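Below is one structure, written out as structure tokens; the observations come after it.
The values are calculated or read from the model by the stated rules, or taken from the named source; none is laboratory data. Everything numeric here is computed off the predicted structure, so don't read it as measured data. Glycine gets a Cβ as well: all are built from the backbone with ideal geometry, and neighbour counts include every protein chain shown.
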Amino acid sequence: MEALLASDIFWVVFKSFLAVAIIFGLPLPFTWLERKIAGHIQVRPGPMRVGFHGVLQPIADGLKLFLKEDIIPTGADKFLFKAAPFMALIPYIAIFVAIPMSDEAYVSNMDIGVLYVLAIGGLSIYGIIMGGWASNSKYALLGGLRAAAQMISYEVAMGFAVIGVIMMAQSLNMQDIVLAQQGGFLNWNIMPHKQLIAFFIFMVAGFAEANRIPFDIPEGEGELGAGFHTEYSGMRFALFALAEYAAMISISALAAVLFLGGWTSPVGFLDFVPGIVWFVLKTLFMVYLFMWTRFTWPRYRYDQLMTLGWKFLIPLGVANVLITGLFVIDF
Amino acid sequence: MLKDFLKTVFLWDLVQGMRLTFRYQFKKVVTMHYPDKEKWVPYDRFRGLHYQAVDEEGELKCVACELCARICPAGVITIEAYEDDKGVRRPSVYEMDLHRCAYCGLCVEVCPEDAINHGAGYEFAGFDRADAVMSLEKLLKNKPNETDPEKMGTVASARFIRDKDGIRVEEDGKKRYRWW
Ligand code: SF4
Ligand code: SF4
């Protein structure tokens, strides 16, 4: 009994460390990837000079940011100012606790996994609001306020999208949701006879959650300087950037689990490939989608963003829940 | 009506944009890899760094008439003249402060001896303002424009060199292509 307990604790700690390491490690190659994709979309090569095709560029950037002075503006709320970047980053690491990467690779298999993920994901916005508030700068404050407004409108839509998935799986447990989509890609929630509309809503809301283009109005360079992180420099700024990437990764992973069948294989005869490979592939595809759209779309205007959220996505989400209910209900 | 509504809801115009950018990703990159691997070879009409021409005997063409110094709108050129042993007027000092130069070409046009000319050089970044002040010596070393129609207006493969003589990009002659 004693021994079992010790090894259990060891495993939980080990898995948590692994999850944190992954989330901290991934943004480096991803910044490179993003700049490469940006480059090729614009018919130019992207980073080329540091290392082979610029692969070492993120390390050079990191080093540069690390050596920069950490400036705290006069009149800033020092404690909040310092805490905000961590507040923005940590929730996305915490999300990974609940995401099943294969039938065995997960940190925790909670029965309320989906609720946990939504709740924790919503927390990270506090980091942005805190950063905006504590900076003692009008641009940062406006950025923070926009982030808050955006979060409120899109959390609702995202919730409705997820309700559809939960109704299909009849469970809040992430593993159960994956298992409900087993048996080839026809059973995935993304298929039109399943939850395609929910997927669409989820992705739009996900872009807004992650503050990515086309919904990056909290940092809208055009009108707000750099929005909520205007006053940040050096490592703290890097942490905000890291949080953005972590958000992108975790929302991609979430989309993979909820809509793309998680770690299940798309066709039966490929079942021998380990689940984690499928999970990583699907997540990468979603991340690519994030980057691809970033360099295609312009930013939404603030009122357009609100219109899309309240007038289209939320009614659509409600309709989706109702229709799903009609089909799923057990008379 | 309904069609428009559906297009708005499902962001159809954005989807079209994504189709376009996806295709762009597989196009050939148009970047010229200057200064690492490639270098632009200008046309013969290019108005680059000036050079002083010499005649067949290797004698300076310039007769220090100071017409160029006079017409220059930016006052780039300073000349001091002397009489050499053959009794010809020559410049003892011929200096161009190229930071001020507008590359208008008036000096080249006015020169009666075709002595001062525009060359192919466009790399003269330096660590000091004095680096851009060209003495007669330096002006004699500057490269004339490429006149070979095969070579001018091309992108040539090149090497980036950083040694005790400074930083420069030199053609290695391995490859050249026209970028269009
Ligand atoms: S460069 Fe030409 S114009 Fe100028 S002083 Fe010499 S000969 Fe005269
Ligand atoms: S190119 Fe124009 S500005 Fe430059 S030295 Fe000649 S006359 Fe002066």
**Message:** Give me the helices (runs of 4 or more DSSP H) completely within the range A:183-273, filtered to those with at least 1 residues that are touching a Lys or Arg at 6+ places or on another chain (Cβ under 8 Å) and surrounded by fewer than 20 Cβ atoms within 10 Å (Cβ to Cβ), ordered by residue number.
**Reply:** A:221-224, A:234-259
**Request:** Mind listing just one residue for me: the one in the range B:1-36 that is within 11 Å of chain A (Cβ to nearest Cβ) and either aromatic (F, W, Y) or touching a helix residue (DSSP H, G or I) at 6+ places or on another chain (Cβ under 6 Å) (or both) and, of those, surrounded by the fewest Cβ atoms within 10 Å (Cβ to Cβ)?
**Result:** B:F26
**Message:** Going through A:Y154, A:Y139 one at a time, which residue ends up being away from chain B (no Cβ under 14 Å), modelled with pLDDT of 85 or more and over 23 Å from the mean Cα position of the chain (by Cα)?
**Reply:** A:Y139
**Fill in**
Within the range B:85-100, the residues that are of a type outside the set (S, T, Y) and without any contact (Cβ under 8 Å) to a residue 40 or more places away in the chain are B:D85, B:K86, B:G87, B:V88, B:R89, B:R90, B:D97, B:H99, B:R100
**Message:** I'd like the residue in the range B:71-98 that is surrounded by fewer than 13 Cβ atoms within 10 Å (Cβ to Cβ) and within 15 Å of ligand 2 (Cβ to nearest atom) and, out of all such residues, is nearest to the other protein chains (Cβ to nearest Cβ).
**Reply:** B:P73
**Fill in**
In the range A:1-50, residues that are surrounded by 18 or more Cβ atoms within 10 Å (Cβ to Cβ) and at pLDDT below 80 total 2
**Message:** I'd like the residue in the range A:51-70 that is out of contact with any Gly (no Cβ under 9 Å at 6 or more places or on another chain) and within 14 Å of chain B (Cβ to nearest Cβ) and, out of all such residues, is surrounded by the most Cβ atoms within 10 Å (Cβ to Cβ).
**Reply:** A:G51
**Message:** I'm trying to understand the selection: among the residues of the range B:131-140, which are without any contact (Cβ under 8 Å) to a residue 60 or more places away in the chain and either under 10 Å from B:G119 (Cβ atoms) or among the charged types (D, E, K, R) (or both)?
**Reply:** B:D131, B:E137, B:K138
**Request:** Scan the range A:102-122 for residues that are closer than 17 Å to A:L18 by Cβ, among the hydroxyl-bearing types (S, T, Y) and either surrounded by fewer than 17 Cβ atoms within 10 Å (Cβ to Cβ) or modelled with pLDDT of 85 or more (or both) and report the count.
**Result:** 1
**Complete:** All conditions in (1) touching a Leu at 6+ places or on another chain (Cβ under 7 Å); (2) under 30 Å from A:D176 (Cβ atoms) are true of A:I22 except (1)
**Request:** Can you give me the number of residues within the range B:99-128 that are buried (at least 19 other Cβ atoms within 10 Å of the Cβ) and closer than 17 Å to B:I79 by Cα?
**Result:** 6
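Yes or no, residue by residue, for (1) within 14 Å of chain B (Cβ to nearest Cβ); (2) under 17 Å from A:T283 (Cα atoms); (3) touching a Ser or Thr at 6+ places or on another chain (Cβ under 9 Å); (4) of a type in the set (K, R):
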residue	(1), (2), (3), (4)
A:W188	no, yes, yes, no
A:P192	yes, no, no, no
A:A198	yes, no, yes, no
A:I201	yes, no, no, no
A:V204	yes, yes, no, no
A:D216	no, no, no, no
**Message:** Among the residues of the range A:283-294, are any touching a residue at least 60 places away in the same chain (Cβ under 8 Å), over 30 Å from A:L141 (Cβ atoms) and exposed (fewer than 15 other Cβ atoms within 10 Å of the Cβ)?
**Reply:** yes
**Item:** Selection count where residues are hydroxyl-bearing (S, T, Y) and in a loop (DSSP other than H, G, I, E, B), scope the range B:41-57
**Value:** 1
**Message:** Taking the criterion of being more than 25 Å from B:K141 (Cβ to Cβ) and either surrounded by 14 or more Cβ atoms within 10 Å (Cβ to Cβ) or free of Cβ contacts under 8 Å to residues at least 40 places away in the same chain (or both), would at least one residue in the range B:37-52 satisfy it?
**Reply:** yes
**Item:** B:A115 vs. criteria small (G, A, S), more than 16 Å from B:K39 (Cα to Cα) and within 14 Å of ligand 1 (Cβ to nearest atom)
**Value:** yes
